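The values are calculated or read from the model by the stated rules, or taken from the named source; none is laboratory data. Given the structure is predicted, the values throughout are model-derived calculations rather than measurements. With ideal geometry, Cβ positions are generated from the backbone for all residues, glycine too; neighbour counts draw on all protein chains shown.
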């Protein structure tokens, strides 16, 4: 490594953030950039590990020590070349990835880990600024046509790789603009949409075709795709939200988190949040706003956190977040040994902006007024017992803890159960697994129909953006092999082996 003693000389420092009072006035990103000297110091902390476990921690197999070394030497073009060899979209993962690579960082055994995610974001932004990022056009075209259904991170990654392999790729997106959850799921204060547009424009320059307002199984006939394309990749994501079937669920003021977030993203983009761009019948007929309301977010994950940040920007009267599970520990326990990904207490920037957080709480009932509007939640505290591996296993309700909490807006952020079955999946009669996901082996990503493949959350279930990109890349290689007999696309394991060579 460039500075062998860097990890002894410098500690982990994160970039500054705009003051809370300022950032609550807008939906722009608010994390600042490192100075060049600070970026140099942070990259210098990367150790000359005998075995860099960060490779295995990253679902993409990013060659992390090598790009850190290039950053330390201020050779940003080399750093970008190394990073882009395994990651199609570092500008996304550098902003919204929970960084499992950092959990596996060797330095993290007894010191704060290397700030890999931030360094990654800086590499790609510097690369765009300096003109290193150019369209990656194929040298020859194969004449084979591939349809990619869904333009989220898995679909975009599959499209990028298949296009580079020389195939003619068309991406079908049911909404009015490409990006999937990157556009209509993640708030702008975490990922501004010009970042998505910049990448979509680059993919179009490379030859990828995007067809929006094209909902396969609704206004696009899947049989037409089967006739016109040599292969189809299903990357529509896991979009059926987990519901909470308790008394009062029908009250006005109880909404799925993604409906709330999607409306707000459209509003920020200057679009009408009520226009049915997704060509669905269950579109909301009224705007969901947190302004002046007591908001309770049910679900303690990242989607719930996004609802907290959005509600605060709306000017909510109060924001509270519930989690069914007990409060996680702040440090690793014996059941979370390094380098496994630990389930630790996570305080996001949205939590820093203001929210009451409660763990081990169950919602028993939505309580309404005489007009059918939500006015309160009936909740109860839970007491958990742990299994032998330390994980929460069973709970009982704490006697005497039942109470009502004022609430005019309840947002259900409890995750997703599986992809939408009605339409395309039902029409194709595709096999699904026990959880309701499209059944496709990680060995070849093939579904029960030979020329149809699946990748991302639609195949593996709700997961991380970085996993979706990895799935899209690996699926693309299998599609290329299916079409051509062999693939020119690099496999994840090839990148890792090359790093150790």
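Hey, among 456, 461, which residue is surrounded by 14 or more Cβ atoms within 10 Å (Cβ to Cβ), in the same structural domain as residue 179 (by TED's automatic domain parsing) and out of contact with any helix residue (DSSP H, G or I) (no Cβ under 8 Å at 6 or more places or on another chain)?
On the way: 456 fails: out of contact with any helix residue (DSSP H, G or I) (no Cβ under 8 Å at 6 or more places or on another chain).
Exactly one of 456, 461 is surrounded by 14 or more Cβ atoms within 10 Å (Cβ to Cβ), in the same structural domain as residue 179 (by TED's automatic domain parsing) and out of contact with any helix residue (DSSP H, G or I) (no Cβ under 8 Å at 6 or more places or on another chain), namely 461.
Listed by position, the helices (runs of 4 or more DSSP H) contained in segment 17-122 that have at least 3 residues being closer than 26 Å to residue 471 by Cβ are 54-57, 64-72, 76-84, 90-96, 100-103. Of all positions in segment 215-234, none carries a residue that is under 26 Å from residue 324 (Cβ atoms) and in contact with a strand residue (DSSP E or B) (Cβ under 7 Å, 6 or more places away or on another chain). Kindly establish whether residue 468 is in the same structural domain as residue 294 (by TED's automatic domain parsing) and within 25 Å of the chain's Cα centre (by Cα). Answer is no for this residue. For segment 342-385: of the residues being loosely packed, with under 15 Cβ neighbours inside 10 Å and under 30 Å from residue 23 (Cβ atoms), which is farthest from the chain's Cα centre (by Cα)? Only one residue tops the list, namely 356.
Residues in segment 265-282 that are modelled with pLDDT under 95 and in contact with a helix residue (DSSP H, G or I) (Cβ under 6 Å, 6 or more places away or on another chain): 273 only.
Can you spot a residue in segment 449-459 that is modelled with pLDDT under 95, over 24 Å from residue 218 (Cβ atoms) and either in a strand (DSSP E or B) or more than 25 Å from the chain's Cα centre (by Cα) (or both)?
Of segment 449-459, the ones modelled with pLDDT under 95 are 450.
With over 24 Å from residue 218 (Cβ atoms) added as a condition, the list becomes 450.
From what is left, the residues that are either in a strand (DSSP E or B) or more than 25 Å from the chain's Cα centre (by Cα) (or both) are 450.
Yes, segment 449-459 has at least one match.
Taking residue 358 as the residue in question, decide whether it is under 28 Å from residue 396 (Cα atoms) and modelled with pLDDT under 95. Considered against the rule, which asks whether it is under 28 Å from residue 396 (Cα atoms) and modelled with pLDDT under 95, residue 358 comes out as no.
Just to be sure, is residue 441 free of Cβ contacts under 8 Å to residues at least 24 places away in the same chain, surrounded by fewer than 21 Cβ atoms within 10 Å (Cβ to Cβ), at negative phi and in a loop (DSSP other than H, G, I, E, B)? Criteria met by residue 441.
Filtered by the rule that a residue be over 15 Å from residue 452 (Cβ atoms) and free of Cβ contacts under 8 Å to residues at least 60 places away in the same chain, segment 217-249 gives a lone residue, 245.
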